[in-house]
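Below is one structure; the comments refer to it alone.
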Amino acid sequence: MKHFIVLIGNYGSGKTEIAINLAVSSAAKGLNTLVVDLDKVNDYFRMSDRVELLKENNINLVSPTFAGQGVTPSNMSAAVASAFAGDWDLCVFDVGGDAAGAMSLGRYHTDFAALEEGQLEVYDIVNVFRPMSESPEKIIKLKEEMEGFARLKVTGFVNNSNLLNYASADDIRHGYDVLRETSDMTGIPVAHTTGRKCFLDEFLSDGRDEKYIGEPIGLETYMHRSWEAFTNLGL
């Protein structure tokens, strides 16, 4: 059965990094994989910057600014529609971290609504070190805003808490504590905890409650950002 994963979340939460990791892992298993880049705001740090990487891994890409590869802004709608009509095993939607990105997803509401139960997962990617994500109350407020624009309900949180080059297992621990409370408040499970493998392994050795960890995903770093861009520009 075709599987859809939609990634929403705040700017700088790590949606694109996770989207690429999920796609690379899927393609490595021989699955026919498509990534749909709906980030129409952040031109500095997008999926289309890793075109060659995706090609090398036999991953198909639909992107609004992916010029010269058979997809243009004028036929973006038809290209996205192919995600529902095509013979894919996994389709990953990387959605921009603002109202415009979520609204671009909302236009496909009827396509998502027609999916069978179990085909769709909507993950809210949370980095508790980003603005508007530092507390359960802020995470819930942003989640509800994104859900309204996207016309989809979040099915799981992903703890992707990190400080880029200054990351440590303590970042994941802090994210765990915040999302444990958020999950209890909303009833939405923590689907995954992610991070660089060395930090993730250290965190997992703590023996914390698996209910608030979900399935761990060790991430390869494909997207590279400077600390200045991350803190000053939100990229």
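Every number in this text was worked out from the coordinates using simple rules, so none of it is lab data. Since the structure is predicted, the reported quantities are computational estimates derived from the model, not experimental observations. Positions of Cβ are generated from backbone atoms using ideal geometry, with glycine treated the same way; all protein chains shown enter the neighbour counts.
Placing one identical point scatterer on every Cα of the range 138-231 and ignoring solvent, what is log10 I(q)/I(0) from the Debye formula at q = 0.13, 0.15 Å⁻¹?
Calculated log10 I(q)/I(0) at the listed q: -0.48, -0.63.
If you look at just the Cα atoms of the range 77-208, how large are its Rg and its Dmax in Å?
Considering the range 77-208 through its Cα atoms, Rg and Dmax are 16.1, 47 Å.
Less than 26 Å apart at the alpha-carbon level, and either on another chain or at least 8 residues along: which lysines does that give for LYS143?
LYS2, LYS15, LYS40, LYS153, LYS211
Kirkwood hydrodynamic radius, computed over distinct alpha-carbon pairs, for the range 91-134: how many Å, to one decimal?
12.3
I need the calculated FRET efficiency for the pair GLU145 and GLU116, taking r as the beta carbon distance and R₀ as 25 Å, to the nearest 0.05.
0.35
Relative to the compact-globule scaling 2.2 N^0.38 Å, provide the ratio for the alpha-carbon radius of gyration of the range 166-220.
Against the empirical 2.2 N^0.38 Å value, I get 1.06 for the range 166-220.
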